[in-house]
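Worksheet for the structure shown next.
The values are calculated or read from the model by the stated rules, or taken from the named source; none is laboratory data. What you are looking at is a predicted structure, and each value in this text was computed from that prediction instead of being measured. Cβ coordinates were reconstructed from backbone atoms using ideal geometry, including for glycine residues, and neighbour counts include every protein chain displayed.
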Amino acid sequence: MTDADVLKQVNEIFIDVLDNESIVLKRETVAKDVEEWDSLTHIQLIVTVEKHFKIKFTAAEILKFRDVGHFCDEIIRKLGAS
Amino acid sequence: MNLGDEFSREFVITRKIYDGFRELFNDNNPLHVDLEFARARGFGGVVMHGNILNGFLSYFIGECLPDKNVIIHSQEIKYYNPAYLDDKLIFTAKVVGVFESVGAVEIKFCFEKESGVKVAKGMIQIGRKTV
């Protein structure tokens, strides 16, 4: 799975969970760039990503995510390790 | 809570619950209050409000789990058969997902009558409230 594939799938998850068809994620996107991305929806996003990609993050890993690009990199790293 | 943990409870839809629900939420649709109306549509009696089951679910989450620091993130419920006044419902629940990264847990649940007839089933996601 390429970086672009992961970003595309994560984008689809954001659109679905946040119920906003206009979301277009970039690697540099952060929470403050997306109106609906708050502490509660963040939980839904992480849970949905974990289920979709069949991976698990730790609480420590979640806290280190800098932006969407870093998040996608970690997804790819997890997929490679599984 | 851990993956695979199971819980069970019994609930009875009593007259007090039925009357209280109608009084509080004003849903007096004839299906819920008019015996002839309900029978004419193939039901064995006035049908209990489906959302009474959500009250039982709220009690389970709020009072029956080992951790009281819990909030509901989301839930869905599907109804399969009607419940009637004084029905005893066997509620079973099983932890089917644990997301330690965000402190969330997914629980599948089911309401059945003593006869084994399935009334409803669904999924609820809960989490811990942090300051």
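Mind checking whether some residue in the stretch B:120-129 is modelled with pLDDT of 95 or more, under 19 Å from B:R9 (Cα atoms), more than 14 Å from chain A (Cβ to nearest Cβ) and not in a strand (DSSP E or B)?
No - not one qualifying residue is present in the stretch B:120-129.
Have a look at A:L45, A:L18, A:L7, A:L79 and point out the one that is buried (at least 16 other Cβ atoms within 10 Å of the Cβ) and over 27 Å from B:K129 (Cβ atoms).
A:L7
Which residues, taken from the stretch A:56-71, are without any contact (Cβ under 8 Å) to a residue 24 or more places away in the chain and either of a type in the set (A, V, I, L, M) or closer than 10 Å to B:E100 by Cβ (or both)?
Hits for the stretch A:56-71 are A:K56, A:F57, A:T58, A:A59, A:A60, A:I62, A:L63.
Say whether the condition of being surrounded by 12 or more Cβ atoms within 10 Å (Cβ to Cβ), modelled with pLDDT of 95 or more, closer than 11 Å to B:F111 by Cβ and within 16 Å of the chain's Cα centre (by Cα) is met by at least one residue in the stretch B:34-47.
no
From the list B:V70, B:V95, exactly one residue is under 18 Å from A:L40 (Cα atoms) and either in contact with a His (Cβ under 8 Å, 6 or more places away or on another chain) or surrounded by 15 or more Cβ atoms within 10 Å (Cβ to Cβ) (or both). Which is it?
B:V70
Counting just the residues of the stretch A:52-82 that are of a type in the set (D, E) and assigned to a helix (DSSP H, G or I), which one comes out farthest from A:V24 (Cα to Cα)?
This residue is A:E61.
May I ask you to list the residues in the stretch B:25-66 that are in a loop (DSSP other than H, G, I, E, B), free of Cβ contacts under 8 Å to residues at least 60 places away in the same chain and under 15 Å from B:I13 (Cα atoms)?
Correct list: B:G45, B:V46, B:V47, B:M48, B:H49.
Consider only pairs whose beta carbons are under 6 Å apart and that are at least six residues apart or on different chains; among these, list those whose first residue lies in the stretch A:19-30 and is more than 13 Å from A:V68 (Cα to Cα) and whose second residue is not in a loop (DSSP other than H, G, I, E, B).
A:E21/A:I15
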